[in-house]
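Asker: The following block contains the structure, expressed as structure tokens.
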């Protein structure tokens, strides 16, 4: 961080002992005139021997200044010139400078400007700086970075951190401030242009310089609401940030219970009736993206018969110092707003920008995703690795966790090899029947051409291979897609037999889709279907390949862990891959293929192991041999013998009977495979 340090010669009476008020006025925008009027309010009282009033103000064409506000005037401490007040470094530097040079027992920091909170796409921010064109983002972590850097230098937690800006009293913002301040004070609603009454704030500080942070925050909230009574509906509050951690823990506990169930109609009805916060104007509507968190949690206690819901509400209420409002429009406000879009599509379109916020640790995103019950987002692609095989032909497969807002399970596929079954670089249409699609040179992943779906209303276009593509056991589809369609309406559909894969929305450039195909011999068909409304660009397709997986099979399904132990594998070369499926049946891309080479012959083992009635015994031996298979009891008595002719695909079938046709008992049995100097001994178990 760039730190600006300089010497100040200040009268002793200006070295505050009680409070330092630091006001960060980012007025390089259409609010400049209101900054001037607020400075006039501050100058009615100014600084004293107990109070420091320090301002950094930036206005259009003037540049930024640092001021010591006195009674009746302001002293310019520093001319900063052209300054980006929406840079996190600028804010952090001001906080460090103000706290270091104007020490006090307590600090009141006020950020003054426009505020758009989280949902005002694309900003989700505080502040607007005309000179730079920037905003100070909450979602990217810049705002939190400013506070944490200042704290690292000063080791000072701000007593009252306030926003004189619209829509900033959200739980998302509170969690970004939480580690570096004690109280957050801000409007939940749109803030009237005149903002805080700075003369009234300073009147309190001058008359009661030893006032505590809680009492001061209460007085500021009351002053603000009182000043807009009969003028404009408003909701303002102060929140004790230390209490939010307890609330988050209670939120996690409740969500852990709820997310295994299905959302109820009563919960849907609650969202329709909860207090909402408009981002434009002062008239709430069910379509608003913000809701009052406390009002919603109160409703949750009636919808769900869980003690955790009551504990969560108690924790929330314990964090609220004061929540006040004027106007029936905000009669249901309780102190904190939270992002809760009315529709799933609104949620889906910007949810990825929410994931950097500290508040996501509460599982709030998982909760509202669960609430919509319409998840169509694929889990992220896992990446697989494996360790070296051990002495028992054993090894472990590991893969990265697939991120998803719903619970996921994994499936693992195994093959001996992959064979290319179909390959088309999409440079011509010779392998396809076209109906509405066309060859395009506008946008290609590789080469000169790709296939284009068309872009119009009421389409039902498709391409289909002229010949069947045969998959013997399992296969892999690899196809490159580039699409921009009306989300959840216009769809690209890929089909091969029972396999169907649907794509819509915006791909953000070329993407590879990799998926497992079931067995069968079918034509590959790719369709594009649109409705009668918005057309956003259509779909491009390129570089289509299908692979047949030699001896492909699924070795694990519905697996919740991110590792798998494989034991006693037969000699040979293997390929493994994994994919994730969430509870809504959205499937991730297939992972990379991980190769394993088994150099030694495996010990015989039963399938299943242990077995109850009958089993297959897997045996491993050189292809040049024709071994016999002998089964012995634990005491060494001969039980059963098989000849080489009984072996089918490296397996023999044992019906659990001895050579005399009598059932053998429960216990451990040895299996010996031998021929011409080759011997391999293993153990199997029967449980009856």
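The values are calculated or read from the model by the stated rules, or taken from the named source; none is laboratory data. No experiment lies behind these values; they were computed from the predicted model shown. All Cβ positions, even for glycine, are placed from backbone atoms using ideal geometry, and neighbour counts span all protein chains on display.
Asker: Confirm whether residue 129 is crowded, with 18+ Cβ neighbours inside 10 Å, modelled with pLDDT of 90 or more and touching a strand residue (DSSP E or B) at 6+ places or on another chain (Cβ under 9 Å).
Answerer: Answer is no for this residue.
Asker: At least 1 residues that are more than 24 Å from residue 574 (Cβ to Cβ), modelled with pLDDT of 95 or more and over 36 Å from the mean Cα position of the chain (by Cα) in each: list the strands (runs of 3 or more DSSP E) lying fully within the stretch 403-481 that qualify.
Answerer: Because the criterion is at least 1 residues that are more than 24 Å from residue 574 (Cβ to Cβ), modelled with pLDDT of 95 or more and over 36 Å from the mean Cα position of the chain (by Cα), the strands (runs of 3 or more DSSP E) in the stretch 403-481 that meet it are 432-435, 438-440, 460-465.
Quick grid of which residues meet (1) under 15 Å from residue 547 (Cα atoms); (2) surrounded by fewer than 17 Cβ atoms within 10 Å (Cβ to Cβ); (3) touching a helix residue (DSSP H, G or I) at 6+ places or on another chain (Cβ under 6 Å):
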residue	(1), (2), (3)
441	no, yes, no
445	no, no, no
451	no, no, no
466	no, yes, no
494	no, no, no
499	yes, no, no
503	no, no, no
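Asker: Do any strands (runs of 3 or more DSSP E) lying entirely in the stretch 33-102 carry at least 1 residues that are surrounded by fewer than 18 Cβ atoms within 10 Å (Cβ to Cβ) and free of Cβ contacts under 8 Å to residues at least 60 places away in the same chain, and which ones are they?
Answerer: 63-70, 73-81
Asker: Could you tell me how many of the residues in the stretch 604-629 are surrounded by 15 or more Cβ atoms within 10 Å (Cβ to Cβ), in a loop (DSSP other than H, G, I, E, B) and at pLDDT 95 or above?
Answerer: Matching residues across the stretch 604-629 total 5.
Asker: Quick check, is residue 189 within 30 Å of the chain's Cα centre (by Cα) and either farther than 24 Å from residue 37 by Cα or in contact (Cβ under 8 Å) with a residue 40 or more places away in the chain (or both)?
Answerer: Yes; evaluated as a whole, the condition is true for this residue.
Asker: Which residues, counting only those in the stretch 572-615, are within 30 Å of residue 377 (Cβ to Cβ) and without any contact (Cβ under 8 Å) to a residue 12 or more places away in the chain?
Answerer: 585
Asker: Kindly indicate whether residue 534 is within 30 Å of residue 346 (Cα to Cα), loosely packed, with under 15 Cβ neighbours inside 10 Å and in contact with a strand residue (DSSP E or B) (Cβ under 9 Å, 6 or more places away or on another chain).
Answerer: It is false that residue 534 is within 30 Å of residue 346 (Cα to Cα), loosely packed, with under 15 Cβ neighbours inside 10 Å and in contact with a strand residue (DSSP E or B) (Cβ under 9 Å, 6 or more places away or on another chain).
Every residue, every condition in (1) modelled with pLDDT under 95; (2) more than 17 Å from residue 190 (Cα to Cα); (3) out of contact with any helix residue (DSSP H, G or I) (no Cβ under 7 Å at 6 or more places or on another chain), yes or no:
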site	(1), (2), (3)
230	yes, no, yes
240	no, yes, no
250	no, yes, no
272	no, yes, yes
281	yes, no, yes
318	no, yes, no
322	no, yes, no
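Asker: Quick one: in the stretch 542-567, which of the residues that are within 32 Å of the chain's Cα centre (by Cα) and part of a loop (DSSP other than H, G, I, E, B) is surrounded by the most Cβ atoms within 10 Å (Cβ to Cβ)?
Answerer: Taking the candidates together, the pick is 562.
Asker: I want to confirm something. Restricting to the stretch 392-402 and keeping residues that are outside any strand (DSSP E or B) and touching a strand residue (DSSP E or B) at 6+ places or on another chain (Cβ under 6 Å), which single residue is surrounded by the most Cβ atoms within 10 Å (Cβ to Cβ)?
Answerer: Checked the stretch 392-402; the qualifying residue surrounded by the most Cβ atoms within 10 Å (Cβ to Cβ) is 402.
Asker: Kindly state which strands (runs of 3 or more DSSP E) lie completely within the stretch 318-391 and contain at least 1 residues that are touching a residue at least 60 places away in the same chain (Cβ under 8 Å) and surrounded by fewer than 19 Cβ atoms within 10 Å (Cβ to Cβ).
Answerer: 320-326, 384-386
Asker: For residues that are free of Cβ contacts under 8 Å to residues at least 60 places away in the same chain and either on the phi > 0 side of the Ramachandran plot or surrounded by fewer than 21 Cβ atoms within 10 Å (Cβ to Cβ) (or both), tally how many sit in the stretch 468-491.
Answerer: Matching residues across the stretch 468-491 total 5.
Asker: Still on this structure, please answer the following. Being out of contact with any helix residue (DSSP H, G or I) (no Cβ under 6 Å at 6 or more places or on another chain) and in contact (Cβ under 8 Å) with a residue 60 or more places away in the chain narrows it down to one of 618, 685, so name that one.
Answerer: 685
Asker: Would you confirm whether or not the stretch 287-308 contains a residue that is touching a strand residue (DSSP E or B) at 6+ places or on another chain (Cβ under 9 Å), part of a loop (DSSP other than H, G, I, E, B), surrounded by fewer than 19 Cβ atoms within 10 Å (Cβ to Cβ) and not assigned by TED's automatic domain parsing to the domain that holds residue 404?
Answerer: Among the residues of the stretch 287-308, at least one is touching a strand residue (DSSP E or B) at 6+ places or on another chain (Cβ under 9 Å), part of a loop (DSSP other than H, G, I, E, B), surrounded by fewer than 19 Cβ atoms within 10 Å (Cβ to Cβ) and not assigned by TED's automatic domain parsing to the domain that holds residue 404, which makes the answer yes.
Asker: Let me ask something additional. Could you grab me the full set of residues in the stretch 187-220 that are out of contact with any helix residue (DSSP H, G or I) (no Cβ under 7 Å at 6 or more places or on another chain), crowded, with 23+ Cβ neighbours inside 10 Å and not in a loop (DSSP other than H, G, I, E, B)?
Answerer: Matches in the stretch 187-220: 187, 205, 217.
Asker: Look at residue 559 and say whether it is outside the structural domain of residue 445 (by TED's automatic domain parsing) and modelled with pLDDT of 95 or more.
Answerer: Judged against the criteria, residue 559 is a match.
Asker: Looking at the structure I just gave you, is residue 585 in contact with a strand residue (DSSP E or B) (Cβ under 8 Å, 6 or more places away or on another chain), surrounded by fewer than 19 Cβ atoms within 10 Å (Cβ to Cβ) and at pLDDT 95 or above?
Answerer: Spelling it out, it is not the case that residue 585 is in contact with a strand residue (DSSP E or B) (Cβ under 8 Å, 6 or more places away or on another chain), surrounded by fewer than 19 Cβ atoms within 10 Å (Cβ to Cβ) and at pLDDT 95 or above.
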